[in-house]
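Would you mind keeping the following structure in view while I ask a few things?
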Amino acid sequence: MRILLYGWDTSPRLGVPEICDASVSIIKKMGHEYVPHKSKVICAEAIGFLGYDNLVDPLAKATLKEVEEVVSKEDVDLILTSYAAPYAAWSKERNGFLVQRGYELPVPIEHMATFLYKNLDKLKFKELPMRILLHDGCTLGRKMGVVEEPRKVLAKIPKLEVLNFDHPELYVKERNLKPWDISACPGGWLDFTLPELMPYVASNVIREYALPREVDAVVSTCGNGYHAFKAGVKHGKFPIKAMAYANLVDMALEGVE
Amino acid sequence: MIDEVYREYVNRIVEYGAKSEKVRIALSRAIKAFENNRRNALSMFPHSIELAKEVRKIKEYSIEHMDELIKKACESIERNHGHCYYAKSKEEALEIFKKLVGSGKLIVKSKSLTSEEIDLRGFLEELGNEVYETDLGEFIVQLMGTRPTHILAPAINVPREDVAKLLSKFMKEHGIITEDLDERDIPKMVETVRKFLRDKFFNADIGINGANALAADTGTMFIIENEGNARLSIGAPPVQIAIVGVEKIVPTIEDAFKVTEVTWRYANYTVPAYVNLISGPSKTGDIEKVITYGAHGPKELHVILLDNGRTRMRDSGYQEALYCLRCGTCLYECPVYAVTAGYFGQQYMGGIGAIWDAFTTVGLEKASPIAYTCVRCGKCKVMCPLNIDIPAMISKLRNDARKEGYVPKIVRDFAKEIEEFAKEVQ
């Protein structure tokens, strides 16, 4: 399978090129070929969140045109992203925001978590003796409901202990809330609006939620979330790691059966 | 201009908020206590969760019918021998206060965010009055010469060590204590303030209060409190003046009960120490059934209903912001607020504060940087008793800001890049 890696340009821009490296590594271990997509990763819905509803359609059209050209030229079968926003916008399977507006990509799009989950039976993992705190990206987890998929993949990694974010409200049984219903946002979006503040917000989330649980790493299914956690760990000089979901899986993935 | 506003705001929120270890530590302590107390309150009274859904419907109806409820509430207040005023703007409200208060008065005030909205204390002091905030947090803020940084706990960002220093200096100057207060002895700090304010309550000419709800059918104001300062400032002086936002009006007294119960429960209280209900001035008919006003409580009650942008807020598509009960949850749960306190805001705070500030205090341009500080994570919406969709309103406010040219440069540049990309590809 030839896979177009969507978000190739964004990761280095955010200072997290390791997401690209991990994605490439996973694809190769699974026996696929990859095509980097050097373009703007921000999806058309997200530009609306930033106050530019007027750019939603022009960006969607431009992105579609660009993707169609690459898909045709490179004979791409699938688009893969580690970022939640494009998946939430373009996924036909999840009736994404842009799908609802009548746009459709020429081939399916998957988020790294859904892609791995769909190939779960084939994945071979080595032991990873770590205790991690899993952060569900706001868009991927709460908005798109992709919460079981990343957990089921991680559950298959031997010796990996996965903890959820905790909150007192989860113990009010009548509220019927799940850990992923309550955001543990480290402020990834501040990258686009007020980057000076992001390390403070992220380090506080780590300090309040991760350090007391004595985890080895905070792992985020959100590319922006990971970037923020990474900045937070550095800012707070904390003795734990921040990892992107793709990086964690790549550490354990040996290949496919 | 927006870039200057943004720079000033970023400097304030980062330098005084994010970089302050004191702010972070004080908030960390307060947030943990709040979350655990709220869990206990909701677990003990789980019917509140369903009641909150009912309250949302009450608020939806009330905001939609705000104009007729204002009229009805005023009629009820007048029927109860109170005086009702409608102030369309901050200026109109202050003019009413000026006429009612004049100068040279001793005034005790209970906590009211609506009074903060119109800078009431400063205005009354400028007129030559002596004004005391009587809520402990507000009193601390008054002594510090700053502004509240949380809607329920105004001095939430001030650690006990700083409170001890502040009170020691002030109370020694006023002869209340002779030695410095111990920073570990919070009860002593509270006792000292009680001692200082005691005679202010009983010598005051005027008491000023806000309200958590106002029942249109009976003209009854509901005021939730724990300290007892509100009932003293409402009950002891001969004149009571209330300033109430028009969004607080609900159709019936039963509705107001529901609104206040949900407010205190989600504000982390199983039950508050006091819920004050005031429908009119103090009166007695004990001598031959002749009704006489001003028995032990105030002889006069004046209620000022403040619009100040609320109708415009509703008519501009931000009606959900007017459902806000001011329980404070969204602030306690906000990841940005947790490190910046009230510096994430202007007069109001947090994501919902951006909307309130845009319409009632500083205007859209100064509210724009606040809107761009919100990370739209949606934790506030999940935790809000009324499920107010703050992230959606933030997106809308950003779009409104863009139309007026109030987008910060960093976002403008990014959008320009996107726009150029779109043109280039097309």
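Taking only Cα atoms and a 10 Å spring cutoff, compute GNM fluctuations for chain A and point out the largest among A:P150, A:P86, A:P239.
Fluctuation is largest for A:P239.
For the range B:137-220, run through the trypsin sites (Lys or Arg not before Pro) and keep only the ones in DSSP coil with at most 12 other Cβ atoms within 10 Å of their Cβ. Mind dumping the intermediate values first?
Working: sites: B:R160, B:K165, B:K169, B:K172, B:R184, B:K188, B:R194, B:K195, B:R198, B:K200; in loops: B:R184.
Hits after loop and neighbour filter: B:R184.
So, with +1 on the Cβ of K and R and -1 on the Cβ of D and E, and no other charges, what is the size of the charge dipole of the range A:2-117 about its Cα centre, to the nearest 20 debye? Don't jump to the answer; show the numbers that get you there.
Details: 12 positive and 16 negative charges, 21 e Å.
Result for the range A:2-117 is approximately 100 debye, rounded to the nearest 20.
How much accessible area per residue does chain B have, counting only protein heavy atoms and a probe of 1.4 Å, in square angstrom? Numbers along the way, then the final one.
Numbers: 17100 Å² over 426 residues.
Accessible surface, normalised per residue, equals 40 Å².
Have a look at B:A354, B:I70, B:F34 and report the one farthest towards the positive end of the charge dipole of chain B, computed about the Cα centre with Cβ charges (Lys/Arg +1, Asp/Glu -1).
So the residue we want is B:F34.
Give me the percent of the accessible area of the protein assembly as shown that comes from carbon and sulfur atoms, probe 1.4 Å, all protein chains in place. List each step's numbers first, then the result.
Numbers: 13450 of 26870 Å².
That fraction is 50 percent.
Moving to a separate point now. Which value, in Å², gives the accessible area per residue of the range A:2-117 when a 1.4 Å probe is used on the protein heavy atoms?
Values: 4220 Å² over 116 residues.
On a per-residue basis, the range A:2-117 sits at 36 Å².
Measure of size requested: the Rg and Dmax of the range B:287-426, with Cα atoms as the atom set and Å as the unit; please supply both.
20.8, 89
At each listed q (0.15, 0.21, 0.24, 0.25 Å⁻¹), what is the log10 of I(q)/I(0) that the Debye formula gives for the range A:178-236 modelled as equal alpha-carbon point scatterers?
Reported log10 I(q)/I(0), two decimals: -0.38, -0.74, -0.95, -1.02.
Output the antiparallel fraction of DSSP beta bridges having both residues in chain B, as a percent to the nearest 5. Write out the running numbers ahead of the final one.
Numbers: 11 of 36 bridges.
DSSP beta bridges in chain B are roughly 30 percent antiparallel.
State, as an integer percentage, the relative contact order of the range A:122-256 based on alpha-carbon contacts under 8 Å between residues 6 or more apart. Don't skip to the end; give the middle numbers.
Values: 229 pairs, mean separation 43.7, N = 135.
Normalised by residue count, the contact order of the range A:122-256 is 32 percent.
Find me the longest stretch of chain B that has none of the exposed GluC sites (Glu not before Pro), where exposed means in a DSSP loop (not H, G, I, E or B) with at most 10 other Cβ atoms within 10 Å. Walk me through the numbers on the way to the answer.
Values: sites that count: B:E179, B:E288.
Longest run free of exposed loop sites: B:1-178.
What whole-number value in cubic angstrom gives the convex hull volume per residue for the C-alpha atoms of the range B:84-232? List each step's numbers first, then the result.
Details: hull volume 17.6 nm³, N = 149.
Cα-based convex hull of the range B:84-232, divided per residue, equals 118 Å³.
Related question: Run the Debye formula on the Cα coordinates of the range A:2-117, all scatterers equal and no solvent, and tell me log10 I(q)/I(0) at q = 0.14, 0.16, 0.20 1/Å.
Debye output, listed in q order: -0.53, -0.70, -1.10.
Only four residue types carry charge here, +1 at the Cβ of Lys and Arg and -1 at the Cβ of Asp and Glu. Report the dipole size of chain A about the Cα centre in Debye, rounded to the nearest 20.
Values: 32 positive and 34 negative charges, 87 e Å.
Around 420 debye, computed over chain A.
Any of A:K143/B:K379; B:K19/B:K416; A:K143/B:K396 with alpha carbons more than 20 Å apart? Name them for me. If you can, show how the numbers build up before the last one.
Values: A:K143/B:K379 12 Å; B:K19/B:K416 31 Å; A:K143/B:K396 18 Å.
Those over the limit are B:K19/B:K416.
Take the alpha carbon atoms of chain B, find their radius of gyration, then divide it by 2.2 N^0.38 Å using N residues; give the quotient.
Details: Rg = 22.1 Å, N = 426, 2.2 N^0.38 = 22.0 Å.
The value comes to 1.00.
Picking from A:S39, A:H111, A:C20, whose Cα lies most toward the positive end of the charge dipole for the range A:2-117 (charges on Cβ: Lys, Arg +1; Asp, Glu -1)?
A:C20
Just the projected area, averaged over all directions, of the convex hull on the alpha carbon atoms of chain A: how many nm²?
Values: hull surface 54.2 nm².
Mean projected area for chain A: 13.5 nm², to one decimal.
Among DSSP beta bridges whose residues both lie in the protein assembly as shown, state the antiparallel percentage, nearest 5. Write down the numbers at each step before the final one.
On the way: 14 of 64 bridges.
Given both bridge residues lie in the protein assembly as shown, the antiparallel proportion sits at roughly 20 percent.
Also, quick follow-up: Quick one: compute the contact order of the range A:2-117, relative version, from alpha carbon pairs under 8 angstrom and 6+ residues apart, as a percent. The partial results should precede the final answer.
Working: 174 pairs, mean separation 32.6, N = 116.
The normalised contact order for the range A:2-117 reaches 28 percent.
Okay, next question. Decide, for the range B:1-136, between rounded, prolate and oblate: order the square roots of the alpha carbon gyration tensor eigenvalues as a ≥ b ≥ c, take rounded if a/c falls under 1.5, and otherwise choose prolate if a/b is larger than b/c, else oblate.
oblate
Here's a follow-up. From the protein chains alone at 1.4 Å, what is the descending order of accessible area for B:H83, B:H296, largest first? Kindly include the intermediate steps, with their values, before the conclusion.
Values: B:H83 80, B:H296 170 Å².
The ranking, largest first, comes out as B:H296, B:H83.
Another question, if that's okay. Given +1 on the Cβ of Lys and Arg, -1 on the Cβ of Asp and Glu, and no further charges, what dipole in debye does the protein assembly as shown carry about its Cα centre, rounded to the nearest 20?
On the way: 90 positive and 95 negative charges, 190 e Å.
Computed charge dipole of the protein assembly as shown: roughly 920 debye.
May I have the extent of the alpha carbons of the protein assembly as shown along their three principal axes, as whole Å values ordered from largest to smallest?
Principal extents (Cα only, largest first): 97, 52, 47 Å.
Turning to a different aspect of this structure: Mind telling me which of B:Y337, B:Y61, B:Y132 comes out most flexible in a GNM of chain B, alpha-carbon contacts under 10 Å?
The residue with the greatest mean-square fluctuation here is B:Y61.
Hey, another quick one. Can you list, largest first and rounded to whole Å, the semi-axes you get for the range A:122-256 by taking the square root of 5 times each eigenvalue of its Cα gyration tensor?
Numbers: eigenvalues 103, 70, 43 Å².
They are 23, 19, 15 Å, listed largest first.
Lys pairs in the range B:167-270, Cα-Cα under 22 Å, at least 8 apart or on separate chains: how many? Numbers along the way, then the final one.
Values: B:K169/B:K188; B:K169/B:K195; B:K169/B:K200; B:K172/B:K188; B:K172/B:K195; B:K172/B:K200; B:K188/B:K200; B:K248/B:K258.
Eligible lysine pairs with Cα atoms under 22 Å apart amount to 8.
With chain A treated as a Gaussian network of Cα nodes joined by springs under 10 Å, which of A:A228, A:A85, A:A60 yields the largest mean-square fluctuation?
A:A60
Moving to a separate point now. With solvent modelled as a 1.4 Å probe, how much accessible area in total do chains A and B shield from it at their shared surface, in Å² to the nearest 100? Provide the component values of the computation, followed by the final result.
Values: alone 12000 and 19300 Å², together 26870 Å².
Chains A and B together bury roughly 4400 Å² of accessible area.
Here is a follow-up. Give the cysteines in chain B for which no other Cys Cβ lies under 4.7 Å away, or write none if there are none.
Those would be B:C324, B:C327, B:C334, B:C374, B:C384, since no other cysteine Cβ in chain B comes under 4.7 Å of theirs.
Can you compute the FRET efficiency between B:V271 and A:E74 using 1/(1 + (r/R0)^6), with r the Cβ-Cβ distance and R0 = 60 Å? Round to the nearest 0.05. Don't jump to the answer; show the numbers that get you there.
Values: r = 66 Å, r/R0 = 1.10.
Calculated transfer efficiency: 0.35.
Over the range B:295-426, calculate the relative contact order: mean separation of alpha carbon pairs under 8 Å at least 6 apart, over the residue count, as a percent.
On the way: 141 pairs, mean separation 27.2, N = 132.
Computed value for the range B:295-426: 21 percent relative contact order.
The values are calculated or read from the model by the stated rules, or taken from the named source; none is laboratory data. The shown structure was predicted, so the numbers you read here are calculated from the model rather than taken from an experiment. So basically every Cβ, Gly included, is an ideal-geometry build from the backbone, and we count neighbours across all protein chains shown. Heads up: the accessible areas ignore ligands, DNA and RNA and are worked out on the full protein's heavy atoms, side chains in. Shrake-Rupley method; radii C 1.70, N 1.55, O 1.52, S 1.80 Å.
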